[in-house]
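The values are calculated or read from the model by the stated rules, or taken from the named source; none is laboratory data. None of these values were measured; they are calculated from a predicted model. Backbone-built Cβ (ideal geometry, glycine too); neighbour counts: all protein chains shown. For the accessible areas, the whole protein counts, side chains as well, though only heavy atoms, and no ligand, DNA or RNA atoms are used. Shrake-Rupley method; radii C 1.70, N 1.55, O 1.52, S 1.80 Å.
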Amino acid sequence: MVHRVKKIEKPAKFYEDLDCFKLFVLDLGLLGAMVDAPADAVLIGDGIFSEYKGSFTEQYIAQQFYASSGQPLYYYINERSTVEVNFVFDFRNIYPVEVKAETNLRSKSLSLVLKDSRLEGIRFSMAPYKEQERMVNVPLPFAEEYVRMLSNRMSGDSLLG
């Protein structure tokens, strides 16, 4: 269970809204079975899967997060706007996280959150590793290792540089 936070600030637990949450399963295969997604549609990537790929990708990141860190996971929605951040990681620093199923790097919500704060963001996508202004893009296959690196980090160093 991933609870919503009312603010993307540290400590996230303080801003947790226990009445709002998202449910994730332990495994992508379980999610596929629950929605009767044919394995070949997921693996081959035909048009049928396009409706589910965002959910499957979020599930994948949640799975990698829990496997790598064991920390609580959060998400953020601003009820007065359309700003939604897929996840919020709370390690030594707090990181808003955007998840993209493809190589599209447009992150409107994440960009708005970063614009109005001093935070650094993380985007997981199928695009190559790329450092941008106050944001880093991490390829999906490296999600587990990247989360492990963040959770093991001993200093409050910047993600960038």
Subset of region 6-20 that is over 18 Å from Gly70 (Cα atoms) and of a type outside the set (Asp, Glu) - its residue that is surrounded by the most Cβ atoms within 10 Å (Cβ to Cβ): Ile8
- prompt: How about region 68-94: which of its residues are of a type in the set (A, V, I, L, M) and touching a residue at least 60 places away in the same chain (Cβ under 8 Å)?
  reply: Leu73, Ile77, Val85, Val88, Ile94
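Which residue, of Phe65, Phe124, is in contact (Cβ under 8 Å) with a residue 40 or more places away in the chain, in contact with a Leu (Cβ under 6 Å, 6 or more places away or on another chain), open to solvent by less than 40 Å² (accessible area, probe 1.4 Å) and in a helix (DSSP H, G or I)?
Phe65
A quick yes/no check of all residues on (1) touching a helix residue (DSSP H, G or I) at 6+ places or on another chain (Cβ under 8 Å); (2) among the β-branched types (Val, Ile, Thr); (3) open to solvent by less than 40 Å² (accessible area, probe 1.4 Å):
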{"residue": "Leu73", "(1), (2), (3)": "yes, no, yes"}
{"residue": "Arg92", "(1), (2), (3)": "no, no, no"}
{"residue": "Glu102", "(1), (2), (3)": "yes, no, no"}
{"residue": "Gln132", "(1), (2), (3)": "no, no, no"}
task: Considering each of Glu79, Glu58 in turn, give the residue that is assigned to a helix (DSSP H, G or I) and modelled with pLDDT of 75 or more.
output: Glu58
field: Filtered residues of region 92-108 (kept if modelled with pLDDT of 90 or more and not β-branched (Val, Ile, Thr))
entry: Asn93, Tyr95, Pro96, Glu98, Lys100
- prompt: Does Ala37 fit the bill of being modelled with pLDDT of 70 or more and either closer than 20 Å to Glu120 by Cβ or assigned to a helix (DSSP H, G or I) (or both)?
  reply: no
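Going by the structure shown, is Thr82 exposed (fewer than 14 other Cβ atoms within 10 Å of the Cβ) and under 23 Å from Lys7 (Cβ atoms)?
It is true that Thr82 is exposed (fewer than 14 other Cβ atoms within 10 Å of the Cβ) and under 23 Å from Lys7 (Cβ atoms).
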- request: Those residues that are touching a residue at least 40 places away in the same chain (Cβ under 8 Å) and of a type in the set (D, E, K, R), I need them from region 95-121; list them, please.
  value: Lys100, Glu102, Glu120
